[in-house]
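Shown next, in structure tokens, is the structure this report addresses.
No value in this document is a laboratory result; all are computed from the given coordinates. Because the structure is a prediction, the values reported are computed rather than measured. In this analysis, Cβ positions are derived from the backbone assuming ideal geometry, glycine residues included, and neighbour counts consider all displayed protein chains.
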Amino acid sequence: MGMEFLLLIHGAEEAWERATDEQRRQTYAEYEEFGAALARAGVKVTGGAELAASGSAAIVRGRGPGAVVTDGPFTEAREQFGGFYAIDVDSRAEAVEWAKRLPAEIVEVRGTVQP
């Protein structure tokens, strides 16, 4: 068993909203190919998903009945967190190499804490 890393995909939501249907199909095809490449290489994918738009988010501050809930994204940023892959690989360097193959401009690679 290797180590689990998250490939956190960041992107500009407004660019996605402006994309044509053909551009979106092409992008989805690139992500499908990425998933197929992981499978061909025998990389275990332990999770992953495309996320709904940041405007649908809820931010919860605090705990219990005193928690404050606000709608929408926490900050106004150019890029939003749009999805992720959780992969099991042997090293951070290997996770970074996979991140370079994603069809995204910004990918954050972060390991999980192992008990």
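Worth a mention:
- In segment 45-56, the count of residues that are in a loop (DSSP other than H, G, I, E, B), out of contact with any His (no Cβ under 7 Å at 6 or more places or on another chain) and loosely packed, with under 12 Cβ neighbours inside 10 Å is one or more.
- Segment 76-91: number of residues that are within 14 Å of Val43 (Cβ to Cβ) and surrounded by 12 or more Cβ atoms within 10 Å (Cβ to Cβ): 6
- Hey, Ala37 touching a helix residue (DSSP H, G or I) at 6+ places or on another chain (Cβ under 8 Å) and assigned to a helix (DSSP H, G or I) or not: yes
- Flag if Val96 is of a type outside the set (Asp, Glu), within 22 Å of Glu30 (Cβ to Cβ) and touching a residue at least 60 places away in the same chain (Cβ under 8 Å): no
- Residues of segment 13-31 include at least one that is more than 25 Å from Gly111 (Cβ to Cβ), polar (S, T, N, Q), in a loop (DSSP other than H, G, I, E, B) and out of contact with any Phe, Trp or Tyr (no Cβ under 6 Å at 6 or more places or on another chain).
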